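A quick write-up on the structure given underneath.
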Amino acid sequence: MADLNKIKQDHRRFKQIVRGKIKQNLREYMTNGEMTGKQGKDIVKIPIPRIDIPRFRYGSKDTGGVGQGKGEVGDSLGEGEEGPGQGEAGENEGEKGLEVDVALDELAEIMGEELELPNIEPRGTERLQTIRSKYSGIRSVGPESLRHFKRTYKEALQRQISSGEYDPDNPIIVPTREDKRFRSWKETAMPQSNAVIIYMMDVSGSMGEEQKEIVRIESFWIDTWLRSQYKGLESRFIIHDATAKEVDRDTFFHTRESGGTMISSAYKLALKIIEDDFPIEDWNVYPFHFSDGDNWSVDDTSECMRILTDGLLPRSNMFCYGQVESPYGSGQFIKDLNEKFSEEDRVVVSEIKNRDAIYDSIKTFLGKGL
């Protein structure tokens, strides 16, 4: 038992060390797309650069013994210097590391602590309900898989004692059919908060592979946080150039398109999806739009502002626009949003110049807790 407690204690300490390493390197992880490709259903593999193992260090007392005597640093210790492993070598120590499985819930908790993200107050918590089964009692009939062995034994023991069948010198308890007891359950309706993220991305010719990779990495961390805040989370994906269409996740991040850009096409489709599938009385709605800031015309930008004002904003908890810097984009659209919605708390914009800006962009988007 002592050894088992020592193992558990060591495991807890290891988890604390890993957690500290993740927090220490969180900004670096948020710029790295490799780990997002190692995501399972409920866990993600995270590379930990190095965990130093405690070791003894010996003093320099010249008292003889192993390692003592004449010699200089670098002198050969004896035979074997021409053995395997010889050859050119670098001057630096080799990098040591390992991958650890981290639950997405724990990753979200670390992320929330490090970015100081407030918890979200969902809307519609009393409207959506799920049916949960909860074991709440004992009954005399039921399937064998639900037999309550302790209660069955107790019933059999009481029956044998009361009938005089119980022999203390030969305490064998044999339950009969009447002694068997089974767990019973009841179904209860439990309130559940649901949310939908509608991702929109400009895939016109000015949005290159690096820009799409930045969007992919950022959306992984946004998903991770919002899933920790809601019991049910759906994601929908829209790509657009001059026209918009709904696609699956893989297509969203790997589509190659070209041509002009009409942002209003994406906003119109997002509004239709919300109206058709996600009534605002029950759903927490988060549209996220990523673009390099180019739009087809001033008229289309005016149409975007109208759709936002009359359609998307009244139906959304928060509307987020991330402008990914591109060598080909003008970057005008974020200026238009700032001018139109400077006093609107539900409109949050972020400039994402490169991967290093992902960390601050996510904090900008999620820091208000809407």
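Quick note: the coordinates plus some simple rules give every number you see, no bench work behind them. Since the model is a prediction, treat every value here as computed from it, not as a measurement. No Cβ is skipped: glycine too gets one built from the backbone with ideal geometry, and neighbour counts run over all protein chains shown.
Could I have the simple spin-label model distance between GLU165 and LEU146, label points 7 Å from Cα toward Cβ, reported in nm to one decimal?
2.6
Assign one of three labels to the range 194-366, namely rounded, prolate or oblate, based on the Cα gyration tensor with a ≥ b ≥ c the square roots of its eigenvalues; rounded applies when a/c is under 1.5, prolate when it is not and a/b is larger than b/c, and oblate otherwise.
Judged from the Cα gyration tensor, the range 194-366 comes out rounded (a/c under 1.5).
Cross-link list LYS272/LYS353; LYS231/LYS335; LYS212/LYS340; LYS335/LYS363; LYS21/LYS212; LYS45/LYS368: which exceed 24 angstrom alpha carbon to alpha carbon?
LYS272/LYS353; LYS231/LYS335; LYS212/LYS340; LYS21/LYS212; LYS45/LYS368
For LEU157 and VAL174 in the same chain, what is the full-extension length gain: residue separation times 0.36 nm, less their Cα-Cα distance, in nm?
Contour length minus Cα-Cα distance gives 5.3 nm.
First check a/c for the range 209-275, with a ≥ b ≥ c the square roots of the eigenvalues of its C-alpha gyration tensor; if it is under 1.5, answer rounded, and if not, answer prolate when a/b is larger than b/c or oblate otherwise.
Here the range 209-275 falls in the oblate category.
Using alpha-carbon pairs under 8 Å, 6+ residues apart, how would you state the relative contact order of the range 280-323 in percent?
Over the range 280-323, the number comes to 68 percent.
Looking only at the range 259-286, which residues have a backbone nitrogen under 20 Å from a spot 7 Å from the Cα of GLN332 in the C-beta direction?
259-268
How much FRET efficiency would the formula 1/(1 + (r/R0)^6) give for LYS45 and GLU339, where r is the Cβ-Cβ distance and R0 is 35 Å, rounded to 0.05?
For R0 = 35 Å, the calculated efficiency reads 0.20.
Rounded, prolate or oblate: which fits the range 296-351 when a ≥ b ≥ c are the square roots of the eigenvalues of the alpha-carbon gyration tensor, with rounded for a/c under 1.5 and prolate only if a/b beats b/c?
Because a/c hits 1.5 or more and a/b fails to exceed b/c, the range 296-351 counts as oblate.
Going by amide H atoms built from the backbone, whose H comes under 5 Å of the H on VAL100, apart from near neighbours?
Answer set, sorted by chain and number: ILE46, ILE48.
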